[in-house]
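See below for the structure under consideration.
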Amino acid sequence: MEAEHEKLLQSYPYYWGFTPEEDYYNQQQITSSKSHFTSPRGLTLFTRSWLPNPATTPPRALIFMVHGYGNDISWTFQATPIFLAQMGFACFALDLQGHGHSQGLKAFVPSVDLVVHDCLSFFNSIKQDPRFHHLPCFLFGESMGGAICLMIHFSDRQGFQGAILVAPMCKISDKVKPKWPIPQILTFLARFFPTLPIVPTPDLLYKSVKVDHKKVVADMNPSRYRGRPRLGTVLELLRVTDFLSQRLGDVNLPFIVLHGSADVVTDPDVSRELYKEARSEDKTIKVYDGMMHSLLFGETDENVEIVRNDVLSWLNARCKNE
């Protein structure tokens, strides 16, 4: 059984199958590139872009994307920026510290504040490109990436015209949090062993993705972190989610928040609170009955299309048609 699993993991070089990347992007009528960015603190971070076909579609806006915990930008995450590039949006993303092809101990995030600074530095470098001057800029974040987008907003109040928050981790669901007294013990241990991967949580992939064959595809990701969460990362995410849950009323940029009612990884009730408490005059919430955490890949194709179209409608309403 172990050998069969290993064989399966090696069967697809890309989430869409065997078509080489450049050929696939050409089929989708977009252009894509990958590169590396050195952050101000000297970290080498892997980056990607997905752009509309330059021959037919000038970009209508820039979308700066942030992935979730244990994930990266080279596997199923690509499905969304490919779709958005087909719709005329220029998308940019980076593998966060300790994720994907970026530098850092796997899945170790000692400081979300430093990660926010990494993201802002990269996003601001893209904005300097003369091709993109005067285009509106939007944030897009999934799960932990949604929390990071809100932290980016707090760091740069004027830098973005809106945010798309997909199942944002403004609070980790009690359904996957360790029970007392484990958090107290882990907090003590984290002072001495922050990188220790011993936090007892279930594999979130299987609690995130609904469709069985999509679970198989998601699990093939060669960069997916499969170990237990590290003590320091969990403490930092708990600190940030606690901070955010206290400051929902400070959010004042336009946003759409999208959440599945059956999400057991991040709490849809906190997205409802965000919508209620945020000072933003332009705010939208979509809670999808019965959908789980992975809204833009893990659901049925019909459900994914519903969520994509809600994101697209929201963007279209806030961008001038070229």
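Quick note: the coordinates plus some simple rules give every number you see, no bench work behind them. Given the structure is predicted, the values throughout are model-derived calculations rather than measurements. Backbone-built Cβ (ideal geometry, glycine too); neighbour counts: all protein chains shown.
Numbers at a glance
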{"quantity": "Binned Cα-Cα distance frequencies in region 207-258 - 10 Å width, integer %", "calculated": "17, 27, 34, 21, 0"}
{"quantity": "Radius 14 Å from Cβ of residue 45, net charge of other residues (Lys, Arg +1; Asp, Glu -1)", "calculated": "0"}
{"quantity": "FRET efficiency for residue 228 and residue 12, using Cβ-Cβ distance with R0 set to 25 Å, rounded to 0.05", "calculated": "0.45"}
{"quantity": "Relative packing of peptides 80-91, 216-227 - highest average C-beta neighbours within 10 Å first", "calculated": "80-91, 216-227"}
{"quantity": "Burial ordering of 296, 139, fewest other beta-carbon atoms within 10 Å first", "calculated": "296, 139"}
{"quantity": "Leading residue at positive end of dipole, region 93-147 (Cβ point charges), from 133, 121, 105", "calculated": "133"}
{"quantity": "Nearest-20 debye value, region 4-108 charge dipole, Cβ charges on Lys, Arg, Asp, Glu", "calculated": "360"}
{"quantity": "Estimated vicinal HN-Hα couplings, Hz - region 25-35 in sequence order (Karplus 6.51, -1.76, 1.60; Gly, Pro = x)", "calculated": "4, 4, 4, 7, 6, 10, 10, 9, 9, 10, 7"}
{"quantity": "Integer Hz, Karplus 6.51/-1.76/1.60 couplings in order for region 80-95, x for Gly and Pro", "calculated": "6, x, 4, 4, 5, 5, 4, 8, x, 10, 8, 10, 9, 8, 9, 6"}
{"quantity": "Most to least packed among 61-74, 250-263 [average Cβ atoms within 10 Å]", "calculated": "61-74, 250-263"}
{"quantity": "Given 127/210; 127/207; 127/214; 207/286; 106/283; 34/210, the pairs whose alpha carbons are separated by over 32 Å", "calculated": "127/210; 127/207; 127/214; 106/283"}
{"quantity": "Positive-end residue, the chain charge dipole about Cα centroid, Cβ charges, pick of 13, 170, 26", "calculated": "170"}
{"quantity": "Neighbourhood net charge (15 Å Cβ-Cβ; Lys/Arg +1, Asp/Glu -1) for residue 232", "calculated": "+3"}
{"quantity": "Share of pairwise Cα separations in region 212-315, more than 21 Å, in percent", "calculated": "49"}
{"quantity": "Mean Cβ neighbour count within 10 Å, used as a protection proxy, ranking 53-60, 201-208, 269-276 highest first", "calculated": "269-276, 201-208, 53-60"}
{"quantity": "Proportion of all alpha-carbon pairs of region 2-318 beyond 25 Å (%)", "calculated": "48"}
{"quantity": "CD proxy at 222 nm, helix term only [per DSSP H run n ≥ 4: -39500 (n - 2.57); per residue of the chain; nearest 500]", "calculated": "-11000 deg cm²/dmol"}
{"quantity": "Region 291-296 - phi-based ³J(HN,Hα) in whole Hz, Karplus 6.51/-1.76/1.60, Gly and Pro as x", "calculated": "7, 9, 6, 8, 6, 9"}
{"quantity": "Antiparallel DSSP beta bridges within the chain, as percent of all bridges there, nearest 5", "calculated": "40"}
{"quantity": "Estimated FRET transfer efficiency when R0 is 41 angstrom, pair residue 281-residue 29 (beta carbons, to 0.05)", "calculated": "0.70"}
